[in-house]
């Protein structure tokens, strides 16, 4: 009974919010500062990565990219600050927070490093679980890709070179966004738009690839008084929502058309469950992939120096390799 009542309250609220797009006022405590306090004893050398925009980068902040009635979602776009008219690749960045929390500024340090390397990067806000359940976040991410592609000329972006990337829950969202090209369930705007929401590359930073695996369910589906983030986002436990847990797992969509994937990993293996099996399936279809592991790091390593620059460098290298760019390309 202790478990059922909170779940019922959550589902009633979530169903109401699906009809009424206004955001739910809840406390979002997954901040960079709180995470630093959580890790500092075990990693006394870490510092919060800067979100200050350097002179070499232009920031276009608080830009609306889609509206649902009175609810408008925004993104921050970071581009190289130069006068060139040469088109450049771009990345849509999806923050983590267990599908329940987090802020787009969590990936601002990564976005700035990408822009410094000549790659446009958009950090996005999307509808979190207290506002809208799965698959709303996938709809939003595809909408952000569509917005970026539709504004490609304005920001000197190559519309054929757009990647989707995310960290933790955002990594799962990014992967699912990237592997579900052409599936209208995940892209309600597809039939009414001439602009594609397909991504040409996927970058998954410590995000799940398979909700249905035994190891994932060990953490995400375990009986407990407070339901896990996955249970809340997916609308119920695995036994109750098997189809949804399967449907939300990127691993099941791998085929010959799947984009190349870069996996960036922390030292915490539980957060990228399903990756090895997904790699096996990628290999069967001869889809390029790469794994870069940052040993002895906490889960949210992308928030901190000294890991932001090497993580961004791995992303830049992968993007340049698969988009066939020179190191001086901007």
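The values are calculated or read from the model by the stated rules, or taken from the named source; none is laboratory data. These numbers were taken from a predicted model, which means no experiment stands behind them. Neighbour counts are summed over all protein chains in view; Cβ atoms, including those assigned to glycine, are modelled from backbone coordinates with ideal geometry.
Quick test of your reading of the structure: residue 196 fulfils all but one of (1) under 25 Å from residue 302 (Cβ atoms); (2) buried (at least 17 other Cβ atoms within 10 Å of the Cβ). Name the failing condition by number.
(1)
Name the single residue, out of those in the range 301-330 being part of a loop (DSSP other than H, G, I, E, B) and modelled with pLDDT of 95 or more, that is surrounded by the most Cβ atoms within 10 Å (Cβ to Cβ). Write out each step before concluding.
First, pick out the residues of the range 301-330 that are part of a loop (DSSP other than H, G, I, E, B): 306-307, 323-330.
Subsequent filtering for residues that are modelled with pLDDT of 95 or more retains 306-307, 323.
Working: 306: 14, 307: 21, 323: 19.
That would be 307.
I'm trying to understand the selection: among the residues of the range 151-187, which are touching a strand residue (DSSP E or B) at 6+ places or on another chain (Cβ under 9 Å) and either modelled with pLDDT under 95 or in a loop (DSSP other than H, G, I, E, B) (or both)?
Once the filter is applied, which keeps residues that are touching a strand residue (DSSP E or B) at 6+ places or on another chain (Cβ under 9 Å) and either modelled with pLDDT under 95 or in a loop (DSSP other than H, G, I, E, B) (or both), the range 151-187 yields 151, 152, 153, 155, 156, 168.
Tell me which residues, restricted to the range 197-220, are under 22 Å from residue 121 (Cβ atoms), in a loop (DSSP other than H, G, I, E, B) and touching a strand residue (DSSP E or B) at 6+ places or on another chain (Cβ under 9 Å).
We begin by selecting, within the range 197-220, every residue under 22 Å from residue 121 (Cβ atoms); these are 197-207.
Still in the list and also in a loop (DSSP other than H, G, I, E, B): 197-200, 206-207.
Of everything in the range 197-220, those that are under 22 Å from residue 121 (Cβ atoms), in a loop (DSSP other than H, G, I, E, B) and touching a strand residue (DSSP E or B) at 6+ places or on another chain (Cβ under 9 Å) turn out to be 198, 199, 200, 206, 207.
Checking residue 223 against (1) under 24 Å from residue 69 (Cβ atoms); (2) touching a residue at least 60 places away in the same chain (Cβ under 8 Å); (3) not in a helix (DSSP H, G or I), only one condition comes out false. Which one?
Looking at each condition in turn, residue 223 falls short on (1).
Which residue, of 178, 236, 171, is farther than 15 Å from residue 144 by Cβ, touching a residue at least 40 places away in the same chain (Cβ under 8 Å) and surrounded by 24 or more Cβ atoms within 10 Å (Cβ to Cβ)? So that I can check it myself, show each step before the final result.
Working: 178 fails: farther than 15 Å from residue 144 by Cβ; 236 fails: surrounded by 24 or more Cβ atoms within 10 Å (Cβ to Cβ).
Just a single option satisfies the conditions, and that option is 171.
Out of all the residues in the range 96-111, is one or more assigned to a strand (DSSP E or B), touching a helix residue (DSSP H, G or I) at 6+ places or on another chain (Cβ under 6 Å) and surrounded by 24 or more Cβ atoms within 10 Å (Cβ to Cβ)? Before you say what the answer is, go through the steps one by one.
Let us first name the residues in the range 96-111 that are assigned to a strand (DSSP E or B), namely none.
Taking every residue of the range 96-111 in turn, none turns out to be assigned to a strand (DSSP E or B), touching a helix residue (DSSP H, G or I) at 6+ places or on another chain (Cβ under 6 Å) and surrounded by 24 or more Cβ atoms within 10 Å (Cβ to Cβ).
Only one residue in 137, 194 is outside any strand (DSSP E or B), on the phi < 0 side of the Ramachandran plot and under 11 Å from the mean Cα position of the chain (by Cα), so which one is that?
Values: 194 fails: under 11 Å from the mean Cα position of the chain (by Cα).
Selected residue: 137, the only one of 137, 194 that is outside any strand (DSSP E or B), on the phi < 0 side of the Ramachandran plot and under 11 Å from the mean Cα position of the chain (by Cα).
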